[in-house]
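Novice: Dumping the structure here so I can ask a few things about it.
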Amino acid sequence: MALTNGAAFVVVPRDPNPAVAGDGVPYRWNGSAWSGPELFASGAANRFPAAAYDRTGSGHVVWLRGENLVHATLEVPQSQLVRAHSTSAGFAGLELTASPYGPTLRR
């Protein structure tokens, strides 16, 4: 979950089809009045999302997609590779926090 002046969003890993292994997808809810879920990132093996706003009010999400750590914004939801081969247990508890220089990844 991320909060900023008058806005918020939550990214929830959700398995859209429990009968299909590994097809979990992060979804988001945002705004001052909560809307229904919207597809944020599609594809297989999306897990451990972390969310934060930057100082300009842009929402950022970092998560594990398969074996890779990826990043996207609410405005541009296409994922970009941050770090390949990030399957160690340390990435399971990652946090994305706001700082004066933009979102900072902590693990």
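What follows is calculated from the coordinates using simple rules that are stated; it is not laboratory data. Keep in mind the model is a prediction, meaning the values are calculated, not measured. Cβ placement follows ideal geometry from the backbone for every residue including glycine, while neighbour counts extend to all protein chains displayed.
Novice: Mind ranking 62-72, 77-87, 2-12 by how tightly packed they are, going by the mean number of other C-beta atoms within 10 angstrom, highest first?
Specialist: So the order, starting with the most tightly packed, is 62-72, 2-12, 77-87.
Novice: Same structure again: Using packing as a proxy for protection, rank 50-59, 90-99 so that the peptide with the highest average count of other Cβ atoms within 10 Å comes first.
Specialist: Descending mean neighbour count gives 50-59, 90-99.
Novice: Name all residues of segment 49-87 having a backbone nitrogen under 16 Å from the label point set 7 Å from the Cα of E95 along its Cα→Cβ direction, giving them as ranges.
Specialist: Under 16 Å, as judged by backbone N against the label point of E95, lie 49-53, 62 of segment 49-87.
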